[in-house]
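Working notes, structure below.
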């Protein structure tokens, strides 16, 4: 890939990047969330038809404007978000577009045998007639890998392939990667897990803010140097902490568990405090947030708010007690994209704007106007359809929605993912202001400068457990990343 770039409205996701991978090589691609890694590889996989620059495969210039074209040139990609069709069978997913036939009819015997053979390549022995929705997440991850391998790629991109795998399954995946290398397949491996990178990669390329920082042979660079290249800047350049008064404990969690996701979590967060929660993909951070917000039920443990038990069987009940949750997925879970800005912002407080079961949007107009101004939502039109706003302004509307509810505890899950630096600074200022006014903020973020710059304390979460607590004075981007990987002092 030579001098390739990809723009989204309001931001350059990939900026003049050149990247190569050789036959029989594992080339690791690393960087923080939003660095441009996945976008770069999606260009290679044909997901975008509006990139600039040149792509060459096996010495031949190619134009990749669709996944079908990419597949034709031997490019396969295993996505972080699984692309399997859940209602249909494992076999139909594995052999989609190439189901074996006997004359005009489906050859069921060959279908089953071919599917079994593909599953065996990833160490699975399942009934191939089972629908995807009836198997576990980690089994689905391995089916996804088998599906892509079935197309016989010469270039294989793996985007966080171990995020849903157990330790034993990760070992099996590494065995598969060694076999693929020996067959001359070029592998691009995207991961936040540094131990994986240093175990299997031949070279590593670091990206930051859409640009390529460096490419190094893995034997010529240390983990600390990779972290430094990923971070690449002083937190103090972007974050100016203002004095805040941190008060008494407000949220207390004791022995909280949701089986299969997190176990025996205990912590407390104080009034006016920003408590960061740091962890790698699959650590259980979002699952914890959803239990606290009433979206999922805990199996064990208790939650207290201002000394009183929290009984939140639903998100509405949690919100009624003062706990609000900003989801990491604004488009699917956070916003009603076809509705106007004011409808979205006022949704959590419809009951407060109603009298005798009659809802008055006009009563909420001052709230909407204040939040549009405070968050610099552009254009400043409360009747503008949210789906027609840029990604950064959609994120501001999502934050405005929960600020309107004046929560006692605000849980923020990746509050600045995918937004430009201007929107990020606006959101950060609003979070700081909220904490100064006494709100307790739980900040879940993969953006390490954000965690270090905003948090008063950071809890490290790994494989469903809290493994360490770090005070502000201990926090650096390097120390957080190493701790999230299970390294460094404890």
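Restrict the check to segment 44-51 and report whether at least one residue is within 24 Å of residue 280 (Cβ to Cβ), crowded, with 22+ Cβ neighbours inside 10 Å and outside the structural domain of residue 424 (by TED's automatic domain parsing). Yes, segment 44-51 contains at least one residue that is within 24 Å of residue 280 (Cβ to Cβ), crowded, with 22+ Cβ neighbours inside 10 Å and outside the structural domain of residue 424 (by TED's automatic domain parsing).
To keep it simple, each residue is scored yes or no on (1) surrounded by 19 or more Cβ atoms within 10 Å (Cβ to Cβ); (2) on the phi > 0 side of the Ramachandran plot.
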| site | (1), (2) |
| --- | --- |
| 365 | no, no |
| 369 | no, no |
| 374 | no, no |
| 378 | no, no |
| 382 | yes, no |
| 393 | yes, no |
| 406 | no, yes |
| 409 | yes, no |
| 431 | yes, no |
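Which residue is nearest to residue 247 (Cα to Cα), if the candidates are limited to segment 451-478 and must be in a strand (DSSP E or B) and either in contact with a helix residue (DSSP H, G or I) (Cβ under 8 Å, 6 or more places away or on another chain) or outside the structural domain of residue 425 (by TED's automatic domain parsing) (or both)? Selected residue: 457. The combined condition, being at pLDDT 90 or above, within 23 Å of residue 466 (Cα to Cα), out of contact with any strand residue (DSSP E or B) (no Cβ under 6 Å at 6 or more places or on another chain) and surrounded by 14 or more Cβ atoms within 10 Å (Cβ to Cβ), is fulfilled by residue 295.
Could you list, in sequence order, the residues of segment 9-32 that are under 24 Å from residue 223 (Cβ atoms) and out of contact with any helix residue (DSSP H, G or I) (no Cβ under 9 Å at 6 or more places or on another chain)? If the condition is that a residue be under 24 Å from residue 223 (Cβ atoms) and out of contact with any helix residue (DSSP H, G or I) (no Cβ under 9 Å at 6 or more places or on another chain), then 20, 21, 22, 27 are the ones that fit. On the given criteria, is residue 436 within 25 Å of residue 293 (Cα to Cα), assigned by TED's automatic domain parsing to the domain that holds residue 319 and surrounded by fewer than 19 Cβ atoms within 10 Å (Cβ to Cβ)? It is true that residue 436 is within 25 Å of residue 293 (Cα to Cα), assigned by TED's automatic domain parsing to the domain that holds residue 319 and surrounded by fewer than 19 Cβ atoms within 10 Å (Cβ to Cβ). For segment 80-93, the criterion of being outside any helix (DSSP H, G or I) and farther than 25 Å from residue 136 by Cα is satisfied by no residue at all. You will find that of 102, 108, the residue that is out of contact with any helix residue (DSSP H, G or I) (no Cβ under 7 Å at 6 or more places or on another chain), surrounded by fewer than 13 Cβ atoms within 10 Å (Cβ to Cβ) and without any contact (Cβ under 8 Å) to a residue 12 or more places away in the chain is 102 and no other. Considering the conditions (1) closer than 20 Å to residue 340 by Cα; (2) touching a strand residue (DSSP E or B) at 6+ places or on another chain (Cβ under 7 Å); (3) without any contact (Cβ under 8 Å) to a residue 40 or more places away in the chain, residue 393 is excluded by exactly one of them, (2).
Name every residue in segment 291-309 that is part of a loop (DSSP other than H, G, I, E, B) and at negative phi, in order of residue number. Selection gives 293, 295, 296, 297, 298, 299. Among residues of segment 318-347 that are in the same structural domain as residue 382 (by TED's automatic domain parsing) and on the phi > 0 side of the Ramachandran plot, those with a Cβ under 8 angstrom from a residue that is surrounded by fewer than 18 Cβ atoms within 10 Å (Cβ to Cβ) and part of a loop (DSSP other than H, G, I, E, B), sequence gap 6+ or separate chain, pair up as 322/408.
How do the pairs read when you match residues in segment 122-133 that are free of Cβ contacts under 8 Å to residues at least 60 places away in the same chain with residues anywhere that are in a strand (DSSP E or B), using Cβ under 8 Å and keeping only pairs 6 or more apart or on different chains? Taking only residues 6 or more apart or on different chains, the pairs are 128/89; 129/89; 130/89; 131/89; 132/89.
Within segment 188-195, is there a residue that is in a helix (DSSP H, G or I), farther than 23 Å from residue 124 by Cβ, under 19 Å from the mean Cα position of the chain (by Cα) and touching a residue at least 24 places away in the same chain (Cβ under 8 Å)? Among the residues of segment 188-195, at least one is in a helix (DSSP H, G or I), farther than 23 Å from residue 124 by Cβ, under 19 Å from the mean Cα position of the chain (by Cα) and touching a residue at least 24 places away in the same chain (Cβ under 8 Å), which makes the answer yes. Within segment 279-289, the set of residues being out of contact with any helix residue (DSSP H, G or I) (no Cβ under 9 Å at 6 or more places or on another chain) and either buried (at least 20 other Cβ atoms within 10 Å of the Cβ) or touching a residue at least 60 places away in the same chain (Cβ under 8 Å) (or both) comprises 281, 282, 284, 285, 286, 288, 289. A single entry from 123, 184 fulfils the requirement of being surrounded by 13 or more Cβ atoms within 10 Å (Cβ to Cβ) and in a loop (DSSP other than H, G, I, E, B): 123.
Among the residues making up segment 145-155, those that are buried (at least 19 other Cβ atoms within 10 Å of the Cβ) and in contact with a strand residue (DSSP E or B) (Cβ under 6 Å, 6 or more places away or on another chain) are 145, 148, 153, 155. Every listed requirement among (1) surrounded by fewer than 20 Cβ atoms within 10 Å (Cβ to Cβ); (2) part of a loop (DSSP other than H, G, I, E, B); (3) touching a strand residue (DSSP E or B) at 6+ places or on another chain (Cβ under 6 Å) is met by residue 313 save one, (3).
The values are calculated or read from the model by the stated rules, or taken from the named source; none is laboratory data. The model shown is predicted, which means the values in this text are computed figures rather than measured ones. Every residue, glycine among them, receives a Cβ derived from its backbone with ideal geometry; neighbour counts consider all protein chains shown.
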